[in-house]
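As structure tokens, the structure follows; a few thoughts come after it.
The values are calculated or read from the model by the stated rules, or taken from the named source; none is laboratory data. Since the structure is predicted, the reported quantities are computational estimates derived from the model, not experimental observations. Ideal geometry is used to build each Cβ from the backbone, glycine not excepted, and the neighbour counts take in all protein chains shown. Just the protein is used for accessible areas: all its heavy atoms, side chains included, with ligands, DNA and RNA removed. Shrake-Rupley method; radii C 1.70, N 1.55, O 1.52, S 1.80 Å.
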Amino acid sequence: MHVEMQEGEVDMEKNTMMGAVLPGNSTVELREYPIPTPGYGQVLLRMKCCTICGSDIRCIYHEHLGVGPEGYQGVIAGHEPCGQIIQEGPGLKRFKNGDRVIVYHISGCGVCHECRTGYMISCTSPKRAAYGWQRDGGMAEYLLADEKDLVALPDSLSYADGAQVACGFGTVYEGIEKVGVSGDDAVLVVGLGPVGLACLMLCKAMGANKLIGVDMNQERLDIAKKLGLADEVFIPSDHVVEDIKAVTADEGVERAFDCSASDSGRATAIRATRRWGKICMIGEGGTIHFNPSPDMLHLQKTLYGSWVTSIWRMEDLVEHLVRWGIHPADLVTNRFPLEKAGEAYALMSSGNCGKVAVCFDEELKK
Ligand SMILES: [Zn+2]
Ligand SMILES: [Zn+2]
């Protein structure tokens, strides 16, 4: 194949590439694939950064648990891709060679009602395919993507910033927009994995004046403190709700986010929220136990659920990141080359880290 060389691009004389698949026994397998050729409305990306998501670990890496939209089909992994267009297919309408782009990680049918609202995550067509789940994802040297799934990456954001937006930051922003966060609010985030840390970072940028984090892993609490993302942090205990109330005038927070997916973590988010407050559940899986009347109804609280985001809101987020001057890549604690993808997934599954990224070219040197 012939590809026009961009400055700093690797030589593509070879026509195969390496890609990582997840067999489901907590290992990563590198395989050789032909470099794909973009068809109508498609582009070929040189991958620059692909971050690892909690759902990759939960549903694919250890064992293949997912069904439906989370059903892994043995494709190249990685649903948080960011890269540069190096080859155009015919029929493109907006993007072109050299453009830096984020890939919204679900390729929807484009014509069902959910797709028409921009929420391809909820596409109802059997043709729905998520990158890294049902079609090849970003853990490879190159990625074939549909133009309609691309979000432009502004010059002031790095590819690692963009990879973070592709899933985690987009998901968090959606939840925050649903409940609304401003300088009026004290915010509690339960679960300080990469999604919880992203939640703190965005709430801070949106003006929340008191940021409280809860996690059972001291290392994660330390990361939140070190990055200046939390004013108060607590390890879960039987008095954690009282601890939170003690730093919020004995009332609790106006807004709470559960990013822990734990039963008790979710109950903490609800109980530490004050009268008329709003709670948003973002963490996936598990269950919850609480007492509706004393914990919610009699205190006029509202509980929201949120799943990923729309592509238009992802574009809004990217614009706001530039305006706020914040960088999601600050949460990336470890970068690996593709050849060491096995180490990258193992570290992410250990939880003793912030965000873990597989990087290429200039992003690997950072
Ligand atoms: Zn994800
Ligand atoms: Zn659809």
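Kindly indicate whether Met296 is in contact with an Asp or Glu (Cβ under 8 Å, 6 or more places away or on another chain) and open to solvent by less than 40 Å² (accessible area, probe 1.4 Å).
In short, no.
Kindly provide the set of residues from the stretch 64-95 that are modelled with pLDDT of 95 or more and of a type in the set (Asp, Glu), ordered by number.
Glu80, Glu88 - these are the residues of the stretch 64-95 that are modelled with pLDDT of 95 or more and of a type in the set (Asp, Glu).
Scan the stretch 113-143 for residues that are touching a strand residue (DSSP E or B) at 6+ places or on another chain (Cβ under 6 Å) and in a loop (DSSP other than H, G, I, E, B) and report the count.
Matching residues across the stretch 113-143 total 4.
Just one of Ala329, Ala272 is of a type in the set (A, V, I, L, M, F, W, C), modelled with pLDDT of 95 or more, open to solvent by less than 30 Å² (accessible area, probe 1.4 Å) and in contact with an Asp or Glu (Cβ under 6 Å, 6 or more places away or on another chain); which is it?
Ala329
Is one or more of the residues making up the stretch 144-166 within 14 Å of Gly78 (Cβ to Cβ), open to solvent by 30 Å² or more (accessible area, probe 1.4 Å) and outside any helix (DSSP H, G or I)?
Looking for residues that are within 14 Å of Gly78 (Cβ to Cβ), open to solvent by 30 Å² or more (accessible area, probe 1.4 Å) and outside any helix (DSSP H, G or I), one finds at least one in the stretch 144-166, hence yes.
May I ask you to verify whether Arg58 is over 20 Å from the mean Cα position of the chain (by Cα) and more than 16 Å from ligand 2 (Cβ to nearest atom)?
no
What residue, of Gly283, Gly277, Gly252, is buried (at least 16 other Cβ atoms within 10 Å of the Cβ), in contact with a Gly (Cβ under 6 Å, 6 or more places away or on another chain) and touching a residue at least 24 places away in the same chain (Cβ under 8 Å)?
Unique residue meeting the criteria: Gly283.
Which condition number does Thr171 fail, the rest of (1) hydroxyl-bearing (Ser, Thr, Tyr); (2) part of a helix (DSSP H, G or I); (3) open to solvent by 30 Å² or more (accessible area, probe 1.4 Å) being met?
Of (1) hydroxyl-bearing (Ser, Thr, Tyr); (2) part of a helix (DSSP H, G or I); (3) open to solvent by 30 Å² or more (accessible area, probe 1.4 Å), only one is false for Thr171: (3).
Looking for whichever is of a type in the set (A, V, I, L, M, F, W, C) and without any contact (Cβ under 8 Å) to a residue 40 or more places away in the chain here; the options are Leu338, Leu297, Leu317, Leu331. Which one fits?
Every option except Leu297 fails the conditions.
For the structure I just gave you, tell me whether Tyr40 is more than 16 Å from ligand 1 (Cβ to nearest atom) and either among the aromatic types (Phe, Trp, Tyr) or under 14 Å from His105 (Cα atoms) (or both).
Here the answer is yes, as Tyr40 does meet what is asked.
Quick check on the stretch 213-235: of everything there that is open to solvent by 20 Å² or more (accessible area, probe 1.4 Å) and part of a loop (DSSP other than H, G, I, E, B), which residue is nearest to Ser260 (Cα to Cα)?
Residue satisfying both the conditions and the ranking: Met216.
Inside the stretch 77-116, can you point out the residues that are within 16 Å of ligand 2 (Cβ to nearest atom), farther than 23 Å from Lys48 by Cβ and open to solvent by less than 50 Å² (accessible area, probe 1.4 Å)?
Gly108, Cys109, Gly110, Cys112, Cys115, listed by residue number.
Just one of the numbered conditions (1) crowded, with 16+ Cβ neighbours inside 10 Å; (2) over 30 Å from Gly137 (Cβ atoms); (3) not small (Gly, Ala, Ser) is not true of Val189; which one?
Against the list (1) crowded, with 16+ Cβ neighbours inside 10 Å; (2) over 30 Å from Gly137 (Cβ atoms); (3) not small (Gly, Ala, Ser), Val189 comes up short only on (2).
Could you say which residue among Tyr119, Tyr159 is among the aromatic types (Phe, Trp, Tyr), farther than 19 Å from Leu200 by Cα, more than 16 Å from ligand 1 (Cβ to nearest atom) and touching a residue at least 60 places away in the same chain (Cβ under 8 Å)?
After applying the criteria, what remains is Tyr159.
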